[in-house]
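What follows is a short report on a single structure.
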Amino acid sequence: MKTAVVFIIFNKPDTTAKVFEVIRQVQPPELLVIADGPRPHRPGDVDKCVATQKIIEQVDWDCKVLKNYADKNLGPKVRIVTGLDWVFQQVEEAIILEDDCLPHPTFFEYCEELLDKYRHDQRIMTISGNNFQFGRRRTEDSYYFSRYPLIWGWATWRRAWQRYDLEMKHWVAIRDSNWLQDILDDSVAVRYWTKIFQNCYLGKIDVWDFLWTLTSWLQNGLTILPNVNLVSN
C-alpha cells in the first residue's frame with residue numbers, strides 16, 4: 001500500500017481499536033490522525049479521549065504518523081473540516097476513515113486503484129466505500145457513479161477538497177433560484193435538501209458532510225460507489 005490514510009478519532013476507544021486493527025493489516029506508509037478534544041461538562045470525556053489517542057501509539061510498522069489533536073472540543077463540523085484542511089496541506093490524496101467506520105481490507109485497494117485512475121478527472125470528487133442498495137445491483141461492473149457523496153469510509157484528492165465551502169457563500173443565491181430543481185428534478189427532494197442546507201446555513205446543524213454534498217453539486221461532481229458495501233458503521 002502506498003496511499004496515506006486519515007483516521008478521525010474522538011472518544012470511542014472500543015470502535016477505534018477495531019478500525020485501527022484493520023489499518024494495521026494494510027500498513028499504510030503514512031497515517032494522519034485528527035482528534036477532537038473532550039467536551040466540557042461531560043464527565044469521562046477526558047479519559048475516553050486519552051484512551052482513544054493511546055491506541056495510535058500502537059503503530060508497529062514502518063509508518064510516518066502525523067497528529068492533529070485539538071486541545072479543546074471544536075465540534076464535528078469544525079474539527080473535521082479544519083483537520084482535512086491540514087491533511088491536504090500534507091498530501092495530494094488520501095483514504096479517510098472515522099473511528100466508527102469499519103472497513104473490509106479490500107476497501108483500501110479499491111480506493112487506491114480509483115484514486116489513481118481518476119486523479120485528473122475533475123468530475124470525480126469522492127470515492128466512497130458505501131453501498132446502501134441492500135443487494136440491488138445497479139450495474140454488472142464493480143462500481144458506478146452517483147451524485148450523492150457517501151462518507152462512511154471514503155477517499156478524495158486535494159484538488160477536490162480545496163473547493164469545500166464552510167461558509168456556504170453561494171447558498172442564498174442558489175436557494176432563491178431553480179438550481180436544486182434543475183439538479184434533482186424532484187420537488188420532494190428539493191424541499192428536503194433545501195431544509196437541510198438552510199439549517200446548515202443558519203448553524204442549526206453542526207455537521208460537515210451536507211456541505212460536502214453541496215460543494216459536490218456546485219461543481220457538478222460525481223461520487224464513485226462500489227457495487228457491494230465495503231464499510232460498516
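In this structure, does Val46 turn out to be closer than 27 Å to Glu112 by Cβ, modelled with pLDDT of 95 or more and of a type in the set (A, V, I, L, M)? Spelling it out, it is not the case that Val46 is closer than 27 Å to Glu112 by Cβ, modelled with pLDDT of 95 or more and of a type in the set (A, V, I, L, M).
A single member of Phe108, Phe132 is more than 12 Å from the chain's Cα centre (by Cα) and over 17 Å from Leu32 (Cβ atoms), and it is Phe132.
Of the residues contained in segment 120-138, one or more are found to be in a loop (DSSP other than H, G, I, E, B), farther than 30 Å from Arg42 by Cα, out of contact with any helix residue (DSSP H, G or I) (no Cβ under 9 Å at 6 or more places or on another chain) and at pLDDT 95 or above. Scanning segment 153-200 for residues that are out of contact with any Pro (no Cβ under 9 Å at 6 or more places or on another chain), under 30 Å from Glu93 (Cα atoms) and part of a loop (DSSP other than H, G, I, E, B) yields Gln162, Arg163, Tyr164, Asp165, Leu166, Glu167, Met168, Lys169, His170. Residues of segment 106-134 that are of a type outside the set (Lys, Arg), within 26 Å of Trp193 (Cα to Cα) and surrounded by fewer than 18 Cβ atoms within 10 Å (Cβ to Cβ): Gln122, Phe132, Gln133, Phe134. Right, Val22: touching a Pro at 6+ places or on another chain (Cβ under 8 Å) and surrounded by 14 or more Cβ atoms within 10 Å (Cβ to Cβ) or not? Yes; evaluated as a whole, the condition is true for this residue.
Collect the residues in segment 201-233 that are in a loop (DSSP other than H, G, I, E, B) and touching a residue at least 60 places away in the same chain (Cβ under 8 Å), keeping them in residue-number order. Correct list: Asp206, Val207, Trp208, Gln219, Asn220, Gly221, Asn227, Val228, Asn229, Leu230, Asn233.
Here Val87, Val81, Val50, Val33 are screened, and the one residue that is surrounded by fewer than 17 Cβ atoms within 10 Å (Cβ to Cβ) and assigned by TED's automatic domain parsing to the domain that holds Leu114 is Val50. Among the residues of segment 90-105 satisfying the criterion of being of a type in the set (D, E, K, R) and buried (at least 17 other Cβ atoms within 10 Å of the Cβ), which is farthest from Lys12 (Cα to Cα)? By that ranking, first place goes to Glu93. So which residues in segment 208-233 are under 26 Å from Lys12 (Cα atoms) and modelled with pLDDT under 95? Scanning segment 208-233 gives Asn229, Ser232, Asn233. Here Thr52 fulfils each of the conditions (1) hydroxyl-bearing (Ser, Thr, Tyr); (2) under 19 Å from the mean Cα position of the chain (by Cα); (3) within 29 Å of Ile205 (Cα to Cα) apart from (2). Beta carbons closer than 6 Å, at least 6 apart along the sequence or on distinct chains, pair a first residue in segment 25-48 that is touching a residue at least 60 places away in the same chain (Cβ under 8 Å) with a second that is in a helix (DSSP H, G or I) and not charged (D, E, K, R) for Val26/Phe108; Leu32/Val87.
The values are calculated or read from the model by the stated rules, or taken from the named source; none is laboratory data. What you see is a predicted model; the values in this text were computed from it and never measured. With ideal geometry, Cβ positions are generated from the backbone for all residues, glycine too; neighbour counts draw on all protein chains shown.
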